[in-house]
Amino acid sequence: MFVSSLAHDFTPGAMLRRAQQPLSEDVLRKLAPSVFAESAHDSRSARYAYVATMEILRGLSREGFEVYSAKQSTTRNADKQGHTKHMLRLRHRSMQALAVGDSAPEIVLINSHDGSSSYQMMGGMYRLACNNGLMVPDGVCQTVKVQHSGKILDKVTEGAFEVLDGLTRVIESRDEMRALTLNEGEQRAFARAAALLRFEPAEGTDALPVTPEQVNRARRVEDRAGDLWTTFNRVQENIVRGGLRGATVDANGRRQVRRTREVNGIDQDVKLNRALWTLAEEMRNLKA
């Protein structure tokens, strides 16, 4: 749960530029080479319908979808390195006008070529100011899954437009959160509940390694507002990005201070981000 230091492959400026402009195939190849796998992994049977993710993306590009960020999972099995799970965030040209302020609605596409994932598409929102990639639970925008069988390209394209239609509800949810102000006690409660989604309390206690105040701390001036949307985003950034100085006690009773680490795994990223959005929705319902 903790590491002594954080490593970033890209500077914040470079990350922001990637978030604002579609990725070229050359950049995409560097970020997620498994997107370009030339065949399915050898472990897949003859019934496995292989269609390269890049072929899917080219088809979606013809329909107006473009990739804005990408990453892939790591694996200890070198044989699977070029086939692992990858996650791409896409925007449709028709939705660009709805990128109000510093956030843009997106479709999150997940796939693999080693059998670890079907094609999955879900709604998301990208906040440019802090490069936060939020993901939306099924209650707000339905997830579409496409198995590796049949006419995959047609099914993924249909699924992408299905999720695209659901993004109007995502935008409404964002705007409703912006309209609600949380007092200090409500912000603290939200931050603590969010921390419990990520961190385990010390054994026999309810003490977390980080405080709600740390989780709710703004990293930039524009994130100090008290509305639910801004609170949600700064809490999400602190929970997912890590870098908070947390204190733990080892088996010998010695206190250790380390920095929380960034969430890098795709599965944990999706699970945690969707849980945080659900938490924000519950707070919105309580305040409505």
Item to check | Qualifying positions in region 208-235 - under 20 Å from the mean Cα position of the chain (by Cα) and open to solvent by less than 40 Å² (accessible area, probe 1.4 Å) | outcome: VAL215, ASN216, ALA218, ASP223, LEU228, TRP229, THR230, THR231, PHE232, ASN233, ARG234, VAL235
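Tell me, which strands (runs of 3 or more DSSP E) wholly within region 95-137 include 2 or more residues that are modelled with pLDDT of 70 or more and open to solvent by 10 Å² or more (accessible area, probe 1.4 Å)?
On the way: elements: 103-111, 119-127, 132-135.
Because the criterion is at least 2 residues that are modelled with pLDDT of 70 or more and open to solvent by 10 Å² or more (accessible area, probe 1.4 Å), the strands (runs of 3 or more DSSP E) in region 95-137 that meet it are 119-127.
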Next on the checklist: From the list GLN187, GLN142, exactly one residue is free of Cβ contacts under 8 Å to residues at least 60 places away in the same chain, assigned to a helix (DSSP H, G or I) and either touching a Pro at 6+ places or on another chain (Cβ under 8 Å) or buried (at least 16 other Cβ atoms within 10 Å of the Cβ) (or both). Which is it?
Outcome noted: GLN187
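The values are calculated or read from the model by the stated rules, or taken from the named source; none is laboratory data. Just so you know, these numbers come straight off a predicted model, no measurement behind them. Every residue, glycine among them, receives a Cβ derived from its backbone with ideal geometry; neighbour counts consider all protein chains shown. Surface areas here come from the heavy atoms of the whole protein model, side chains and all, with no ligands, DNA or RNA. Shrake-Rupley method; radii C 1.70, N 1.55, O 1.52, S 1.80 Å.
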